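Engineer: So that we are looking at the same thing, I have put the structure below in C-alpha cells.
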Amino acid sequence: MGPSGTSRSRTILQHLLAGLETGVLGSLLAAGWYGLSSLLRGQPVWVVPVRIGAALFENLSLRNGFSQAAAAGIAFQVVAGGVLGAAFGLLMRDTARVARTMLLGIVFSLGCFYAWHSWLAPSLMPAEPLPASMSSVLVAHLLFGAHLGRYPHALRLVRGAE
C-alpha cells in the first residue's frame, strides 16, 4: 500500500473513530433519558435496560437477577449506538458545520427509529412490548441524533491526537 493508500486508510479510521465516539456517548445520553423517564413514571431507573436485555436474550430471564439483564440491555444499546455512530461518521466524512450535522444526525436517528420499530424489532422480538412508551423511545432517538451533531468536534479531536 502506497502513501496515498495509507493516508486514505487513516482518514477512514478517523471518521470511524469520531463516529464511534459520538454514537457511544449519544447512546449513553439516550440511556440516561430512559432512566429519567422511568423515574418520572414512578418506575425504577433500570426498567428499560432490563426489558431490552430480557427481550433480546430469552435465556436471560429476570429470575437470574435484574443486574444481568440490565447489563445486557445497556451493553446492547451502547454497542448499537457505537455501530450506528461509526456508520454516521463514514457517511458524514469531513462535514464541518455542526448545525447541518445535527440536523442530519436527527434525520439519521429517525430513520433508525423507523427501521427498528417497523422491520427489525417485530422480527427479533415479535411478542415483546416496547421497553418504554413510544414517545419516550422517540425522544431517546432524537437525543441520540442531536448528539451525532458533535461529530465535527469529535473528528477535530481525533485528528488533533495524531
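Engineer: Per DSSP H run of at least 4 residues, take -39500 (n - 2.57); add these up for the chain, divide by its residues and hand me the 222 nm value, nearest 500 deg cm²/dmol.
Structural biologist: Mean residue ellipticity at 222 nm (helix-derived): -25500 deg cm²/dmol.
Engineer: Provide the convex hull volume over Cα atoms per residue for the chain, in Å³.
Structural biologist: Dividing the Cα hull volume of the chain by its residue count gives 136 Å³.
Engineer: Could the peptides 133-146, 10-23 be put in order, highest first, of the mean number of other beta-carbon atoms found within 10 Å of their residues?
Structural biologist: So the order, starting with the most tightly packed, is 10-23, 133-146.
Engineer: May I pose another question? Only helices at least 18 Å long along their axis, Cα-based, and averaging -1.0 or more on Kyte-Doolittle count here, so list those DSSP H runs from the chain.
Structural biologist: The answer, listed by residue number, is 3-40, 66-92, 98-115, 134-148.
Engineer: What percent do you get for the relative contact order of the range 89-161 when only Cα pairs under 8 Å and 6+ apart count?
Structural biologist: It comes to 57 percent, rounded to a whole number.
Engineer: Label points 7 Å out from Cα along the Cβ direction at Ala75 and Leu157: separation in nm?
Structural biologist: 2.5
Engineer: Once you keep just the Cα pairs under 8 angstrom separated by 6 or more residues, what percentage relative contact order results for the range 10-160?
Structural biologist: It rounds to 39 percent for the range 10-160.
Engineer: What does the charge add up to near Leu16, with Lys and Arg as +1, Asp and Glu as -1, over the other residues with Cβ less than 12 Å from its Cβ?
Structural biologist: Summing Lys/Arg as +1 and Asp/Glu as -1 gives +1.
Engineer: Along the Cα-to-Cβ line of Arg10, 7 Å from the Cα, sits a label point; which residues in the range 148-162 have backbone N less than 18 Å from it?
Structural biologist: Residues passing the 18 Å test: 155-162.
Engineer: Continuing with this model, one more query. Given the C-alpha atoms of the range 15-108, compute the convex hull and give its volume per residue in Å³.
Structural biologist: Residue-normalised Cα hull volume stands at 100 Å³.
Bear in mind these aren't lab numbers, they're just calculated from the coordinates by the rules spelled out. Everything quoted here is computed from the prediction, not taken from an experiment. Cβ: placed from backbone, ideal geometry, glycine included. Neighbour counts: every protein chain shown.
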